[in-house]
Amino acid sequence: VGQVAALTVPAGHLIPSDVASPQVHGQLWLASIPVKRMPAGLAAGNHVALLTETQNKLGQPVDFVFMQDVELAHVASNQVDLWLPAKLVPQVEWYADHGGLVLLQMPAGVIQQDLPAVTGP
């Protein structure tokens with residue numbers, strides 16, 4: 001009850017505890033993403049914003065917040081497991097491979113609107 005299995009479990013069989021996740025994650029994918037930097041002390045269950053870099057029309061680097069309120073499932077020294085909407089996984093992977101991602105810890109559910117992009121020095 002209140003859990004979603006990550007793989008098919010035949011009717012009448014026991015559900016192993018390591019294949020179930022809270023129902024809130026039922027529509028999300030678990031993605032393992034390398035990161036450039038993150039605050040010390042991040043742990044599973046914390047929420048983060050994803051900061052990344054791209055180039056503007058003039059070819060200058062621009063930092064911007066790509067996503068907010070992303071829950072961490074696991075934290076390692078330079079990699080995290082994130083609960084992400086399936087349609088955004090390829091974009092997050094692309095940013096991780098092209099410029100990298102920086103994690104910023106934030107309170108769960110507190111989304112900031114209209115955050116401006118910042119051009120580097």
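Some observations on this one:
- Output for the stretch 48-61, where each listed residue is surrounded by fewer than 17 Cβ atoms within 10 Å (Cβ to Cβ) and touching a residue at least 24 places away in the same chain (Cβ under 8 Å): Thr54, Asn56, Gln60, Pro61
- Odd one out for Glu53, checked against (1) under 25 Å from Pro116 (Cβ atoms); (2) within 9 Å of the chain's Cα centre (by Cα): (2)
- Yes/no for Gln112 being touching a Pro at 6+ places or on another chain (Cβ under 8 Å), open to solvent by 50 Å² or more (accessible area, probe 1.4 Å) and of a type outside the set (Val, Ile, Thr): no
- Scan the stretch 77-88 for residues that are small (Gly, Ala, Ser) and either under 11 Å from Val48 (Cα atoms) or open to solvent by less than 40 Å² (accessible area, probe 1.4 Å) (or both) and the total you get is 1.
- Some residue of the stretch 89-107 being in contact with a helix residue (DSSP H, G or I) (Cβ under 7 Å, 6 or more places away or on another chain), open to solvent by less than 30 Å² (accessible area, probe 1.4 Å) and under 19 Å from Val62 (Cβ atoms): yes
The values are calculated or read from the model by the stated rules, or taken from the named source; none is laboratory data. The model shown is predicted, which means the values in this text are computed figures rather than measured ones. Don't worry about glycine lacking a Cβ; one is built from the backbone with ideal geometry, like all the others, and counts go over all protein chains shown. Quick note on the areas: whole protein, heavy atoms, side chains included, nothing else; ligands and nucleic acids left out. Shrake-Rupley method; radii C 1.70, N 1.55, O 1.52, S 1.80 Å.
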